[in-house]
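Shown next, in structure tokens, is the structure this report addresses.
Bear in mind these aren't lab numbers, they're just calculated from the coordinates by the rules spelled out. Note that the coordinates shown come from a computational prediction; the quantities given were computed from them, not determined experimentally. Please note: Cβ atoms are built from the backbone with ideal geometry, for glycine as well, and neighbour counts cover all protein chains shown.
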Amino acid sequence: MIKVSLIERVLERGLFASRWLMAPFYVGLVLALIVLLVVFVHDIIDEIPALATLDEAKVILWVLTLIDLSLAANLIVMVIFAGYENFVSKMDVAGHPDRPAWMGTIDFSAMKLKLMASIVAISAIQLLKVFMSIESYTHENIIFLVVIHITFVVSGVLLALMDYIADKAGEHQH
């Protein structure tokens, strides 16, 4: 009996320690964040000299590109913080004045919904960019992009609905 208990304890500690295998994924996402920053700065450096000669539509497209990159970066930060705290370890930054208010409060379900909302927003910006230069796209391409966007929206609504149903079912069980 003691031998089984010891084996079980060692196995459980090993399984619990395996959560640290997720840490390199979050470090990889930090590297992706750096890449997005490089692209963001590159876009700014490339466009600033030409701003005086750009027409309104091109300026709007440029700004939408910057917003798109910013939303993607926000998404990465959210996944890094929430994922690390939910799956690896709590971050010891509770007393830091810049600690985001949402940190430590986003569970996996909320992270899924925020992730999906960000994807929908990014998709909407991409679609808006297409509409700003609609003459550059074929009818089929536009339909394809709209269908993809609608798929993201419907997926987000279904995820939210599933979470709502699961929450209600959990309330009835308690």
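Remarks
- Look at where the Cα atoms of region 1-71 and of region 97-174 average out, and the two centres are 17 Å apart.
- Sparse-neighbour loop sites [trypsin sites (Lys or Arg not before Pro); region 1-105; at most 12 other C-beta within 10 Å; DSSP]: Lys90
- Within the straight-line cut-off of under 19 Å between alpha carbons, the aspartates and glutamates reachable from Lys168 are Asp107, sequence neighbours fewer than 8 places apart in one chain being disregarded.
- Springs between Cα atoms under 10 Å define the GNM used for the chain, and in it the highest mean-square fluctuation of Ala94, Ala32, Ala73 occurs at Ala94.
- Helical segments meeting 15 Å axial Cα length and Kyte-Doolittle 1.6 threshold in the chain (DSSP H): 23-47
- Relative exposure of Val146, Val4, judged by other C-beta atoms within 10 Å (fewest first): Val4, Val146
- Most fluctuating residue given options Leu145, Leu161, Leu128, as computed from a GNM of the chain linking Cα atoms under 10 Å: Leu161
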